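Working notes for the structure below.
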Amino acid sequence: MSSRWTAELYEDRPGHYPIEAWLDSLTDQQSAAMRAALTHVLEPDGLALASTAWLKPLKAGLYEFRVRHSAHDIVSMYAAAGQPPPATPEKVLLRLFVHFHGQRVILLLHGYDKGEDDSPRRQQREIAEARKRLGAWKRAESARSRRKQ
């Protein structure tokens with residue numbers, strides 16, 4: 001078994017992954033930072049990040065993955081080999097809501113740009129959306145499990 005975790009996108013109906021729209025809306029610098037964070041931080045370390053500033057438990061299996069660094073900084077901090085991408089001046093403050101399950105799988109549920117609006121009201125709205133998606137996923141998983149029995 002691989003020691004890395006594997007990221008999967010939450011699917012709300014066949015072929016529809018709502019987080020893709022958010023990921024596609026990110027600037028080039030934000031997208032590079034998110035890819036670097038997934039590749040060099042979240043997938044290698046998974047739940048072990050819960051005791052760090054990268055991952056905040058939100059109860060009931062929901063976690064907030066906090067990306068506060070540019071791709072350049074992430075690669076510089078975590079990559080064992082290769083050249084980091086060029087530094088970018090853009091500030092990165094992204095939040096990705098995830099759930100860990102099965103044999104080292106990370107379900108990517110929802111995300112938002114906290115740098116765009118860091119109000120507590122916005123944060124609670126985004127957490128509520130992530131909880132809604134996690135609940136729907138758990139119900140679908142439970143139904144699949146019952147059908148297999």
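The values are calculated or read from the model by the stated rules, or taken from the named source; none is laboratory data. Quick caveat: nothing in here was measured; it's all calculated off a predicted structure. Positions of Cβ are generated from backbone atoms using ideal geometry, with glycine treated the same way; all protein chains shown enter the neighbour counts.
Give the residues of the range 95-121 that are farther than 19 Å from residue 33 by Cα, assigned to a loop (DSSP other than H, G, I, E, B) and free of Cβ contacts under 8 Å to residues at least 40 places away in the same chain, sorted by residue number. Step through it out loud before you land on a result.
Of the range 95-121, the ones farther than 19 Å from residue 33 by Cα are 99-105, 119-121.
Cutting the leftovers down to assigned to a loop (DSSP other than H, G, I, E, B) gives us 102-104, 119.
Matches in the range 95-121: 102, 119.
Give me the residue from the range 67-82 that is of a type in the set (Gly, Ala, Ser) and over 22 Å from residue 115 (Cα atoms) and, out of that set, modelled with the lowest pLDDT.
Of the residues in the range 67-82, the ones of a type in the set (Gly, Ala, Ser) are 70-71, 76, 79-82.
Restricting the remaining residues to those that are over 22 Å from residue 115 (Cα atoms) gives 76, 79-82.
On the way: 76: 86, 79: 67, 80: 58, 81: 55, 82: 58.
For the range 67-82, the residue satisfying everything is 81.
Whether any residue in the range 72-94 is within 14 Å of the chain's Cα centre (by Cα) and either among the hydroxyl-bearing types (Ser, Thr, Tyr) or outside any helix (DSSP H, G or I) (or both) is what I want to check. Walk me through it before giving the result.
Of the residues in the range 72-94, the ones within 14 Å of the chain's Cα centre (by Cα) are 93-94.
Then keep just the ones that are either among the hydroxyl-bearing types (Ser, Thr, Tyr) or outside any helix (DSSP H, G or I) (or both); that gives 93-94.
The answer is yes, given that some residue of the range 72-94 is within 14 Å of the chain's Cα centre (by Cα) and either among the hydroxyl-bearing types (Ser, Thr, Tyr) or outside any helix (DSSP H, G or I) (or both).
Please go through (1) of a type outside the set (S, T, N, Q); (2) surrounded by fewer than 21 Cβ atoms within 10 Å (Cβ to Cβ); (3) more than 15 Å from residue 97 (Cβ to Cβ) for residue 32 and return the number of the only condition it doesn't satisfy.
Status for residue 32: all satisfied but (2).
Could you run through the range 15-67 and say how many residues are part of a helix (DSSP H, G or I) and either within 10 Å of the chain's Cα centre (by Cα) or of a type outside the set (Ser, Thr, Tyr) (or both)?
Total satisfying the criteria: 28.
The rows are residues; the columns are (1) more than 13 Å from residue 106 (Cα to Cα); (2) of a type in the set (Val, Ile, Thr); (3) surrounded by 16 or more Cβ atoms within 10 Å (Cβ to Cβ); (4) touching a Cys at 6+ places or on another chain (Cβ under 7 Å).
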{"position": "4", "(1), (2), (3), (4)": "no, no, no, no"}
{"position": "15", "(1), (2), (3), (4)": "yes, no, no, no"}
{"position": "21", "(1), (2), (3), (4)": "yes, no, no, no"}
{"position": "25", "(1), (2), (3), (4)": "yes, no, no, no"}
{"position": "38", "(1), (2), (3), (4)": "no, no, yes, no"}
{"position": "48", "(1), (2), (3), (4)": "no, no, no, no"}
{"position": "56", "(1), (2), (3), (4)": "yes, no, no, no"}
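For the range 4-45, give me the residue count where each residue is of a type in the set (Ser, Thr, Tyr) and free of Cβ contacts under 8 Å to residues at least 24 places away in the same chain.
4
Scan 148, 56, 132, 91 and give me the residue that is of a type outside the set (A, V, I, L, M, F, W, C), in contact with an Asp or Glu (Cβ under 7 Å, 6 or more places away or on another chain) and at negative phi.
56
Can you pull out every residue in the range 122-137 that is free of Cβ contacts under 8 Å to residues at least 40 places away in the same chain and either within 16 Å of residue 17 (Cα to Cα) or of a type outside the set (Lys, Arg) (or both)? Step through it out loud before you land on a result.
Filtering the range 122-137 down to residues free of Cβ contacts under 8 Å to residues at least 40 places away in the same chain leaves 122-126, 128-129, 132, 135.
Matches in the range 122-137: 123, 124, 126, 128, 129, 132, 135.
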